Each structure stands twice: as C-alpha cells, then as structure tokens.
Amino acid sequence: MNQFSKYLYVGFLLLGLYQSIVIKDYVQSGASLGIALAFDPFDQNVTWKERPVWQKITLLIHLAVCASLIGFGIGLNDK
C-alpha cells in the first residue's frame, strides 16, 4: 500500500503544479496539493513524534504552500 500511496502523492503533486503553472487556477492547485498530503510519501507507520525533523519540515512547508496558494487564489479573485 505504501508504494501505491507514493504514486498517488506524486500524481496529485504534479496535478497541482500543472494547475498552478499552466492553467493558473491557484485555488484548485492548492486543493490538489492538499489532497496529495493525504497520501503521505513517507513511512505511514511512524508517528509524528518519531519522524525525523526533515520529514516534519517537508510536510509543514507543503501544507504552507497549499494554504498560500488557496489564499492567493481567493485574494486574486477578490474584486
């Protein structure tokens, strides 16, 4: 299951990048990147407290990018 989860993570990550760069739909891009977080690319049997710091930082930066894209998309469409 972990290998399949990594493919889904990469797929949603690429979809989010495509939506952001090519289509310029930042809200949808943030949502796709957020869905990618549901498919944790790291070992899912390891609890949050036991994870290495670099994995925590990676996931938190990913979450921050998702929130930023959604906020940017909402602010961009606010007229």
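Structure values in brief
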| item | result |
| --- | --- |
| For the chain: accessible area per residue (Å², 1.4 Å) | 69 Å² |
| The stretch 14-79: relative contact order in percent, alpha carbon pairs under 8 Å with at least 6 residues between | 43 percent |
| Hz values of 3J(HN,Hα) by residue in the stretch 21-38 - Karplus curve (6.51, -1.76, 1.60), Gly and Pro given as x | 7, 8, 7, 6, 9, 6, 5, 5, 5, x, 5, 5, 5, x, 5, 4, 5, 5 |
| CD proxy at 222 nm, helix term only [per DSSP H run n ≥ 4: -39500 (n - 2.57); per residue of the chain; nearest 500] | -23000 deg cm²/dmol |
| Local net charge near residue 31, Cβ-Cβ under 15 Å (Lys/Arg +1, Asp/Glu -1) | 0 |
| Vicinal HN-Hα couplings computed from phi for the stretch 62-77 (Karplus, 6.51 cos²θ - 1.76 cosθ + 1.60; Hz; Gly/Pro x) | 4, 5, 5, 5, 4, 5, 5, 5, 5, x, 5, x, 5, x, 5, 8 |
| Carbon/sulfur fraction of accessible area - the stretch 1-53, other protein chains in place, 1.4 Å, % | 67 percent |
| Burial order of peptide ranges 51-64, 8-21, 30-43 (average beta-carbon count within 10 Å, highest first) | 30-43, 8-21, 51-64 |
| Rough spin-label spacing in nm, given labels placed 7 Å along Cα→Cβ, for residue 60 and residue 45 | 2.7 nm |
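The values are calculated or read from the model by the stated rules, or taken from the named source; none is laboratory data. It should be emphasised that the depicted structure is a prediction, and the values quoted were computed from it without experimental measurement. Using ideal geometry, Cβ is built from the backbone for each residue, glycine included, and neighbour counts are taken over all protein chains shown. The area values use the complete protein model at the heavy-atom level, side chains included, leaving out ligands, DNA and RNA. Shrake-Rupley method; radii C 1.70, N 1.55, O 1.52, S 1.80 Å.
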